[in-house]
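J.: Please find one structure pasted underneath; my questions will follow.
The values are calculated or read from the model by the stated rules, or taken from the named source; none is laboratory data. Quick caveat, the model's predicted, so the values are computed rather than measured. Cβ placement follows ideal geometry from the backbone for every residue including glycine, while neighbour counts extend to all protein chains displayed.
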2 protein chains.
Amino acid sequence: MRIRSMMLGAAMALALDANADEGMWLPSQLPGIAKNLKNAGFRGDPKDLADLTRAPLNAVVRIGGGTGSFVSDEGLVVTNHHVAFGVIQYNSKPGRDLIANGYVAADRAGELPANPDYRLRVTVGFDKVTDRILSAARGKTGRAYFDAVDAASKALVAACEGEKGYKCSVATMFYGRDFYLVKQLELRDIRLVYAPPRAIGNYGDEIDNFMWPRHAGDFTILRAYVGPNGEPADYSPDNKPYRPPSHLKLATEGVAEGDFVMLAGYPGITYRHRTAAEFADQVEWRLPTSVAVLKALQDVIEAKGKGDKEAGIRYAAQLQSLKNGIKRFSGELEGLQRSDAVAVRRDDEAAMLAWLATQPEGKALQPDIDAVMALIARGKDVRERDLLVGLLSTQTQLLKGALAVDRLSVERPKPDEQRETGYQKRDEELIRSQLKQIQRRYDPAVEKALVTSMMLRYQQLPDAARLPEVDAVFGRTPADLAAALDRIYAGTGFGADAERTRLFAASPADVAANRDPLLVAARALRPAMLRIEDERKSREGDLLRLRPAYMQALIAYREKQGKAVYPDANSTLRVSYGKVTPLAARDAVTYASLTTVAGIVEKNTGKEPFDAPKPLLDAIRKGDFAGYADPKTGAMPVDFLSNLDTTGGNSGSPVLNAKGELVGLNFDSNWEAVSASWMYDPRYKRAIHVDMRYMRWLIDKVYPSPALLRELGVPRH
Amino acid sequence: MRIRSMMLGAAMALALDANADEGMWLPSQLPGIAKNLKNAGFRGDPKDLADLTRAPLNAVVRIGGGTGSFVSDEGLVVTNHHVAFGVIQYNSKPGRDLIANGYVAADRAGELPANPDYRLRVTVGFDKVTDRILSAARGKTGRAYFDAVDAASKALVAACEGEKGYKCSVATMFYGRDFYLVKQLELRDIRLVYAPPRAIGNYGDEIDNFMWPRHAGDFTILRAYVGPNGEPADYSPDNKPYRPPSHLKLATEGVAEGDFVMLAGYPGITYRHRTAAEFADQVEWRLPTSVAVLKALQDVIEAKGKGDKEAGIRYAAQLQSLKNGIKRFSGELEGLQRSDAVAVRRDDEAAMLAWLATQPEGKALQPDIDAVMALIARGKDVRERDLLVGLLSTQTQLLKGALAVDRLSVERPKPDEQRETGYQKRDEELIRSQLKQIQRRYDPAVEKALVTSMMLRYQQLPDAARLPEVDAVFGRTPADLAAALDRIYAGTGFGADAERTRLFAASPADVAANRDPLLVAARALRPAMLRIEDERKSREGDLLRLRPAYMQALIAYREKQGKAVYPDANSTLRVSYGKVTPLAARDAVTYASLTTVAGIVEKNTGKEPFDAPKPLLDAIRKGDFAGYADPKTGAMPVDFLSNLDTTGGNSGSPVLNAKGELVGLNFDSNWEAVSASWMYDPRYKRAIHVDMRYMRWLIDKVYPSPALLRELGVPRH
């Protein structure tokens, strides 16, 4: 590790300098980096991209947890198959398996309504509201600062959502420096127009997940509808296609290695501008500790499941989720170590601070920066406590239920807007259904073993890092713990569905008077949970107050380096640009930037997930690729790889060529890039896209819909 | 599958035409293909390679189950670390772990004697003896033909080995057409001179096995010694280094992609010239059936091992061997399907037969060829029976032991030279030790379950494909089988070590009179086993007699195509040539032909098998590669990849450049090439070699031995 770090340190330093393609830019920042965009190959005017509420960026929409884009003036939207999967599933029934067979709507009447909770949001407003958010917070600190920001945000959102048909939210850029009110038109009648079979849309499934080379046709085409008056409406046969403010144009040419590409979408969260100490915490403590703790829980479930098959089945979903978490955390850790992220960020921050000390504004910023550092350093004292206590209410079934019932009983008497997030009226249905699910997910022996695994670790924390309430409930020694768990789980009646249903519906007073040992334990733990929550909010309040100084220093330092700074991702619309790029993944291993249909045949085993449909295999064999094939090789493309800067939430993001035409849909990243939420390493960060030539070929030759191609404005061949 | 086959059929046809690099040539064939060798880039005179008993090929020796080569005039030999592993292990003891630490002999006195059964053989004679082998066989058929060839071979070997210090054997080329007497000088005092640590020599171990890119320094240097009189001798401090008839010269330059390379070694067995029906049998029946049967046995052991940990441990070795077999067979099957081998061979054979029908010699050859085809077709009737009955005596422990004791009792009364191979005097020690091993490898419940798995399958064979003796012992229904096994295993005393020892030593009459139910069963099965053996030998006899006609037709047909034919591999010295070649393993995946030390660092986890030693990591970090680095990239090479034609037995084979200098040691093939024992597919067949620059750098800079470099005739840098 040490050696690797020392070797790669130099390489990374070089790499960072050369890295022009990192960045999830606010559209308003693009005119400021126009030169970079031009140099990279963009042929349009960056000014045209500056307003995300105007064409072409207002064609890019939030849809079903991912990103989509309008591609016709009658509301056609392309997104990923996996982003529209719920819609496909909702329309499948015995005798009409759209997952297996895909779907081609014969005409408008054949377009199938999505599940009623499926939403598409068009961003129509993006206004800076920093002063309005911070006016009441100024002068406050800690929890008071947090609450002031929270209240101001909620008030702005409530006012904005007063206008019918809109969803609003407040987003902060640069961690508390700037605040924006995002206003989105919410469309509720979305219909399925065209979906490939699962064995095309999700070819390779879990095995190929995070992998390149990839061979999935991960796209689906939907259409947005509005009421006869043009307003958002629930599904009705009387609705008519939505006419979007703008739409993207499909390219008729494809991409080749080295070509300029750009992408717009709604990336969820990144940590690129976190402090060096936070990088170190993530790599040196949080990721390895999380992996170790979750691995211990995995071992518990696997061991118990071996002896008791029924228990094994009950915990299958939790086990799968633990494994996914472990895989992801391990991948992130591996990637951050490979990129030597801790040292790179440390050296970068040290250089910034040294430079800052020489600057006139340094003196003003330094106290807040010092305070950020101190606050983050203090986090170390309780981080393991908070991790373990947090897991108590996520990695248990019955205890989690009891904690929820207890907390609900103290939130319910409050006015709804003052109830804690997660315990408001609109959350109650979810809590009820989770209490119901316990019936098929809980086994007392497994839960006791899981709690034992977490609490034995907890018991080893120093006194100052423990909570008296937790000690009181679970004891201070392994023997105490075993006795407490035996007593609680032998005595509780909460394992019965009827009892949980009764308590969910019971009055706060009834819940408070209940003597069930598990409820008594939850009640005893509550003050500790509330204290942790209060500490978190207080800390977040102070970070919101102080971190802008750190960001200001960083922005100034980057400016001096000749670089702009994009805010970390926060689910707002961002633009990134780069190029079609192969991946030299390891010594002697190179992955080309384009895959071809030959790879579909190579991977095909006839068994899920490599069970390409016969019509596709027949069409590949027939080889009628005219108009779609790579002009140089004659091969029929499937997916392509770029160095575009993406993260979760970018699923379905349109990938555009230098002329702004749609050439691909983003749908995944490579395994080596799992750590990109913290650091963009140009050697390894890649994004995986469906090639629009493959989509057009499927619509033209394999599961034909000439009308759809006509509406998309692309020729048949 | 079908589609894949149809697509790849055309590709393969093209590929076969372009394939100049296939071939495991007899040295005597090389002058005949001199033009090809020259065109490929060889700069020497192929005539110099024609006699394997003369320089330079007599520098290439058999050693420890693999291949080695002399590299100094004082008996230094290089081979693979894994070929010399037994020697390294033999010299390791508490406090001197040569496996972990490697070994550098300080001087001649420090060279450590190998395990006493370690042998090196120098080929000194290679004479065609076809007439002497076949004179008594001519006119005979079947078993008589087999026995005549067997007797003549044994007689020639006995005469040849009359000369002290030599080992002799008879090898047939082209399946019964030509016979050669191979005479080898056998050296018995081999010493360890230089071995890298296991974490270099076997870096990556099982995980990297069959994998490219590879980063192992799989080499070891030994020295052969002889008695003071120059004759082969057991180890003695008075022995002196052997002066080989010739030795190879280490290259001081390295290789680059596309460079000519050639290799000499002792490949074990290939099936390239088998008939189309045999290809079909292998792909359509033998490999899938073997995988299914072995997989069922694996499942039995794993299921039993779950319930009974002790039983699991007893069967760990057998389980590992089953898994290896399943992996290998599956890989071979996958490869042959990928190469569409059945169709390619079928079309090729059909074209040959069509051409033959137009030739004057066709009429003479056709009857024998028809007879070969008929004989092979008849094999179908009993192939599953023979497979299952064969497994009865390899995949059981106690039953195998009882069968051996029973058979030994009928062989012992015969003169030794008439006893069946495997039951001669020299085999008895092995049988005794196997009977001993049963003690820690046998569990009655597991053995019964294994026999049940095999025999339930057997019971479903049609009447004509079953053997009355097997039916009598194991019954005709699952219930009979269960009852028989319960009776036999409950009643046998053969599970006791003392009883097995007693019966091993007992007189044939005592064994014949023994009433132990397992011995009774073995005795009852014996006639069936002998009948299968007789059928096999009869069939082999006829194939030896008839197949030369098929080979003659094939050779003539290839001649017409302008191609020479090499005989299938049979552990005799062969030469192949080709070039340093990357591997386009799959769509969009390319593996470069050279790996570098950067890959060692990338793969290093600090944990076995990726736990590169600190001195190596330090040296890599230091970067002192002058004189060894790739002149173009400056990178320090580790291993390289070629399209050389190899198979098992080629481990340690010297890889030579166009000038005949040593540039690498063969040590593995890629996974995609497992099927190459049947078909050389130029798209996928690769061989993996240690780069001699890496070996020289390790000897120079990491674990230095200046004296060794001096003796190897290469400079220090």
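J.: Can you name every one of the helices (runs of 4 or more DSSP H) wholly within region B:254-365 that holds 3 or more residues which are charged (D, E, K, R)?
T.: So the answer is B:287-307, B:309-314, B:316-338, B:341-357.
J.: Keeping to region B:558-578, report how many residues are among the small types (Gly, Ala, Ser), outside any strand (DSSP E or B) and either buried (at least 19 other Cβ atoms within 10 Å of the Cβ) or within 14 Å of chain A (Cβ to nearest Cβ) (or both).
T.: Number satisfying all stated conditions: 1.
J.: When you look at A:ASP630, is it part of a loop (DSSP other than H, G, I, E, B) and within 14 Å of another protein chain (Cβ to nearest Cβ), yes or no?
T.: yes
J.: Using the structure shown, decide if B:ARG457 is surrounded by fewer than 19 Cβ atoms within 10 Å (Cβ to Cβ), at pLDDT below 95 and under 25 Å from B:GLU302 (Cα atoms).
T.: Judged against the criteria, B:ARG457 is not a match.
J.: Just to be sure before I move on: is B:VAL283 modelled with pLDDT of 95 or more and in contact with a His (Cβ under 9 Å, 6 or more places away or on another chain) in the structure I sent? Full working, then the answer.
T.: Values: modelled with pLDDT of 95 or more: yes; in contact with a His (Cβ under 9 Å, 6 or more places away or on another chain): no.
Here the answer is no, as B:VAL283 does not meet what is asked.
J.: OK, next. Restricting to region A:107-158, name every residue that is of a type in the set (Asp, Glu) and closer than 30 Å to A:SER69 by Cβ.
T.: A:ASP107, A:GLU111, A:ASP117, A:ASP127
J.: Which condition number does A:PRO654 fail, the rest of (1) under 28 Å from the mean Cα position of the chain (by Cα); (2) under 30 Å from B:GLY335 (Cα atoms) being met?
T.: All conditions pass for A:PRO654, except number (2).
J.: Output the number of residues of region B:394-427 satisfying the condition of being of a type in the set (D, E, K, R) and either modelled with pLDDT of 95 or more or assigned to a loop (DSSP other than H, G, I, E, B) (or both).
T.: Residues flagged as of a type in the set (D, E, K, R) and either modelled with pLDDT of 95 or more or assigned to a loop (DSSP other than H, G, I, E, B) (or both) within region B:394-427 amount to 8.
J.: Return the residues of region A:579-598 that are touching a Ser or Thr at 6+ places or on another chain (Cβ under 8 Å) and more than 7 Å from chain B (Cβ to nearest Cβ); say none if nothing qualifies.
T.: A:LYS579, A:VAL580, A:THR581, A:PRO582, A:LEU583, A:ALA584, A:SER593
J.: Would you tally the residues in region A:599-610 being more than 12 Å from chain B (Cβ to nearest Cβ) and surrounded by fewer than 16 Cβ atoms within 10 Å (Cβ to Cβ)? So that I can check it myself, show each step before the final result.
T.: The first filter runs over region A:599-610 and keeps only residues more than 12 Å from chain B (Cβ to nearest Cβ), leaving A:608-609.
In the following step, the residues that additionally are surrounded by fewer than 16 Cβ atoms within 10 Å (Cβ to Cβ) were identified as A:608.
Qualifying residue count, region A:599-610: 1.
J.: Any idea which residue in region A:633-664 is surrounded by the fewest Cβ atoms within 10 Å (Cβ to Cβ), counting only those that are among the aliphatic types (A, V, I, L, M) and part of a loop (DSSP other than H, G, I, E, B)?
T.: Residue satisfying both the conditions and the ranking: A:ALA635.
J.: Give the residues of region B:320-337 that are in contact (Cβ under 8 Å) with a residue 12 or more places away in the chain and surrounded by fewer than 19 Cβ atoms within 10 Å (Cβ to Cβ), sorted by residue number.
T.: Once the filter is applied, which keeps residues that are in contact (Cβ under 8 Å) with a residue 12 or more places away in the chain and surrounded by fewer than 19 Cβ atoms within 10 Å (Cβ to Cβ), region B:320-337 yields B:LYS323, B:GLY325, B:ILE326, B:ARG328, B:SER330, B:GLY331, B:GLU334, B:GLN337.
J.: Related question: Which condition breaks for A:ALA216 when tested against (1) in contact with a Cys (Cβ under 8 Å, 6 or more places away or on another chain); (2) in contact (Cβ under 8 Å) with a residue 12 or more places away in the chain?
T.: (1)
J.: On the given criteria, is A:GLY204 among the small types (Gly, Ala, Ser) and either under 30 Å from A:LYS327 (Cβ atoms) or under 26 Å from the mean Cα position of the chain (by Cα) (or both)?
T.: Yes: the conditions hold for A:GLY204.
J.: A follow-up question, please. Out of (1) surrounded by 20 or more Cβ atoms within 10 Å (Cβ to Cβ); (2) in contact (Cβ under 8 Å) with a residue 40 or more places away in the chain, the odd one out for A:ASP587 is which?
T.: It is condition (2) that A:ASP587 fails.
J.: Look at A:PRO31 and say whether it is crowded, with 20+ Cβ neighbours inside 10 Å, at pLDDT 95 or above and more than 27 Å from A:ASN209 (Cβ to Cβ).
T.: Taking the combined requirement at face value, the residue does not satisfy it.
J.: Based on this model, can you work out whether B:ASP624 counts as among the acidic types (Asp, Glu), touching a helix residue (DSSP H, G or I) at 6+ places or on another chain (Cβ under 7 Å) and more than 9 Å from chain A (Cβ to nearest Cβ)?
T.: Judged against the criteria, B:ASP624 is a match.
J.: What tally of residues in region B:495-515 results from selecting those that are closer than 18 Å to B:ASP443 by Cα and more than 34 Å from the chain's Cα centre (by Cα)?
T.: 3
J.: Let me ask something else. Go through region A:114-216 and tell me which helices (runs of 4 or more DSSP H), entirely inside it, have 2 or more residues that are not assigned by TED's automatic domain parsing to the domain that holds A:GLY23.
T.: Counting at least 2 such residues, we get A:130-134, A:142-160.
J.: Residues of region A:503-527 being loosely packed, with under 14 Cβ neighbours inside 10 Å and either basic (Lys, Arg) or more than 17 Å from A:VAL410 (Cα to Cα) (or both), which ones?
T.: A:ARG515
J.: Still on this structure, please answer the following. Test B:ASP630 against the criterion of being within 30 Å of B:THR123 (Cα to Cα), touching a Leu at 6+ places or on another chain (Cβ under 9 Å) and not aromatic (Phe, Trp, Tyr), and give yes or no.
T.: no
J.: Search region A:218-251 for residues being touching a helix residue (DSSP H, G or I) at 6+ places or on another chain (Cβ under 6 Å) and of a type in the set (A, V, I, L, M, F, W, C), and hand back the single one that is surrounded by the most Cβ atoms within 10 Å (Cβ to Cβ).
T.: Here the answer is A:PHE219.
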